[in-house]
Structure formats: C-alpha cells, structure tokens
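Let me begin by presenting the structure, written as structure tokens, before commenting on it.
Nothing in this text is a laboratory measurement; each read-out follows from the coordinates by a stated rule. Because the structure is predicted, anything quoted here is derived from the model rather than measured. Please note: Cβ atoms are built from the backbone with ideal geometry, for glycine as well, and neighbour counts cover all protein chains shown.
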Amino acid sequence: MSYKENIIRIENKLYKENTDRIKNQLYGYFTTLILSKIYAIKNSDLEKLMNYFDFTFLPYVYKSRTILLSRVIRIVEKKDEEELNNLLEKMKNYIEQFEKENSNNTMDVSDSKNEEVEKKKRKKKNIFDDIFNQLG
C-alpha cells in the first residue's frame, strides 16, 4: 500500500462525516488568521476581520486572540454543511483579496511592523534605565 493510500485510509477513519473535513480546514484557517500578526497587526483590527465573516462579539473578546479563536471555533462547530461551505468560500475569497491587496506591500508591511516594534522598545523605559543614566 502506498503512502498516499495510507493517508486516505487514515483520513476516512478520522472524518466520519463530510462536515468534519471542512470543519478541520476552517479551524486551521481561522487559527492562522486570528493568531498571525500578518492579517491583523493589532487586536483592534480583528473586529473588522470578524465582521467580514459576519461574526460579532462583545468588545472584551477582541482583546485576546485566544478567546476570540475559541469563540470562532465554537461557532464553526455548530454550523451545518451548507453554512460551512459558505464560510469556506468566504475564507478563500478573503485570503485571495488580502493577497491581491498586499502582494506589492509584503516587504513594506514587515518593515513597518519592525520599525513600530523598535519605536515601542525605545519609548519604554524601566527603572534600570533610570539607574544606569544616574550612575552612568
């Protein structure tokens, strides 16, 4: 038996229902979208992202990416096959749209993100900086 046949056999055992495969795909896609800083640099950007998929949550949910992810996974778990297919299609459209918009700006986005992090690092001072400045 070939490697590919083994994988197919394992997948058939894992995914008893047709919706299980789609759900697992969506779990992975949403995990990447929510936890990655590529699609939403700030947590406040996550609200726009979730609105694209017609998900709305209370404001405190957007302050934590892991809480948001758990809520999205619960929603995906409860959807039926037709809703899952629609959600998967929306996901593909969003990723294609994002890639088109950012295909020329990929280096610019990472550079600006690094500059932003460096500025934050420079602005933050702690007690040791003050001590070193006084003694130094």
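On inspection, Tyr62 qualifies as in contact with an Asp or Glu (Cβ under 9 Å, 6 or more places away or on another chain) and over 19 Å from Gln97 (Cα atoms). In the range 36-54, of all residues being touching a residue at least 40 places away in the same chain (Cβ under 8 Å) and not hydrophobic (A, V, I, L, M, F, W, C), the one that is farthest from Ile75 (Cα to Cα) corresponds to Lys37. Would it be correct to say that Leu33 is surrounded by 13 or more Cβ atoms within 10 Å (Cβ to Cβ), more than 21 Å from Asp20 (Cα to Cα) and either small (Gly, Ala, Ser) or within 13 Å of the chain's Cα centre (by Cα) (or both)? For Leu33, the condition - surrounded by 13 or more Cβ atoms within 10 Å (Cβ to Cβ), more than 21 Å from Asp20 (Cα to Cα) and either small (Gly, Ala, Ser) or within 13 Å of the chain's Cα centre (by Cα) (or both) - is not met.
Please state which one of Asn6, Asn18, Asn85 is exposed (fewer than 13 other Cβ atoms within 10 Å of the Cβ) and touching a residue at least 60 places away in the same chain (Cβ under 8 Å). Exactly one residue qualifies, and that residue is Asn18.
Residues that are without any contact (Cβ under 8 Å) to a residue 12 or more places away in the chain and within 15 Å of Tyr29 (Cα to Cα) were ranked within the range 67-82; the one that is surrounded by the fewest Cβ atoms within 10 Å (Cβ to Cβ) is Arg74.
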